[in-house]
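Input: one structure, supplied below.
What follows is calculated from the coordinates using simple rules that are stated; it is not laboratory data. Worth saying up front: this structure is predicted, and the values here are computed from it rather than measured. Cβ placement follows ideal geometry from the backbone for every residue including glycine, while neighbour counts extend to all protein chains displayed.
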Amino acid sequence: YVRRRRRRIAQLSQSQVYRLENRPIELRSDDILDGLTGVIGNTPLIRINSLSTALGVEILAKAEFLNPGGSVKDRVAVRMIDDAERQGLIHPHTGSRIFEGTSGSTGISLAMVAHARGYDVTIITPDDMAAEKLHALRSLGADVEQVRPASIVDKKQFVNIAKERALAFSSTSSTSVVSGIGESIAVLTDTDARGFFADQFENKSNYDAHFDGTGPEIWRQTNGTVKAFVSGAGTGGTIAGVGRFLKSMDEDVVICLADCEGSGLYNKVKHGVMFDQREKEGTKRRHQVDTVVEGIGLNRLTQNVELGLPIIDDAVRVTDPEAVAMARYLVKHDGVFIGSSSACNLVACIRLVKKMGWHKGERVVTVLCDSGARHYSKFWNDEYLLKAGIPIDTSIIEEMLST
Ligand code: PMP
């Protein structure tokens, strides 16, 4: 094995050598990996050729859709379970159950990782969740409970219900363990079945997955030549974790938030308040983000967003038509099939590069959070978009690039 590795290194270019030598985990194509979770992370960084050529600045995107669960959330799921095990909160094969409230990819990642690690999983979702995500959850053997969408301050909101279910499970299985930041923890014996509330919004393991994983990977893959990092925020884990890692390596790296319509985060970064009366989106629906873009946007501060706020330098607002246009543009020019939050990130990259006036040689890094396959029923459904009054017009991107 060592001979084979040396031979490979000898064949590679200088930058690839740096990458190989500094990689804690070997290239996944060569190795036998220890179960499914070994496949998570170490994703490639793809040069988006169409945008890079048009802008003269390299747009590099982390291909998180290549994770086995199909999204960036695999990293978070495995880290939350690892940390809970390390803290003695749960033990595999004891009948313990992971609970989470999510309308996004986290449930899918958690279901997959939980089963790989010897746990059951219950996911509470709003009942307007995209049908393909629901099918994926059920196919992965998660117990799924659907509830009416509600504000986070409502006890019946899906995240709050997940926490309640974790508590109830713990008490019926004769323990009182529930976790998440700031919760009290009572540790019983190793063999007790426990309920664990994963709590991706408040759980710092989410941030840590990106600070220790995604961030260092980007740094190695670019040999430390990152001008800016652009990302949306759903829980805030990605932008906070990657952003803080990159800043710790080079404080001049620009961290830019890509925010969708209806989210208050843009205002928080630009004006210091989430609900700015000057912007009608911020006041429209205070607790739900109303957009065709899924997975990002927030109208409250979470622990993971708060970790990111001090290092976010700039924010860009992206509209639904812009995100829709970007996804179509990318398929047409690069053959890359992306979901809505990835499209938002790429639009924000263009805006940032144009605004900063950056030129050849600079590198802007972003994330392709999931693939278009998770979005057939809404974002990739022309009929749905038509009914919602959202135009499908790739010239929006052509214009953005040419002006
Ligand atoms: N894109 C998608 C598809 C997501 O599901 C999420 C998480 N909700 C994000 C982006 C945002 O990532 P984060 O939670 O790290 O802010």
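Below 28 Å, Cα to Cα, which lysines can Lys62 reach? Residues fewer than 8 away in the same chain don't count.
Cross-link targets: Lys73, Lys133, Lys204, Lys227, Lys247, Lys268, Lys270, Lys332, Lys354, Lys355, Lys360, Lys378.
Can you tell me which aspartates and glutamates have their Cα less than 17 Å from the Cα of Lys163? Leave out same-chain residues fewer than eight positions away.
Within reach: Glu100, Asp120, Asp143, Glu145, Asp154, Glu183, Asp199, Glu202.
Just order 45-57, 237-249 by mean Cβ neighbour count inside 10 Å, highest at the front, would you? Please list the in-between numbers first.
Values: 45-57: 17.5, 237-249: 25.2.
Result, highest mean Cβ count within 10 Å first: 237-249, 45-57.
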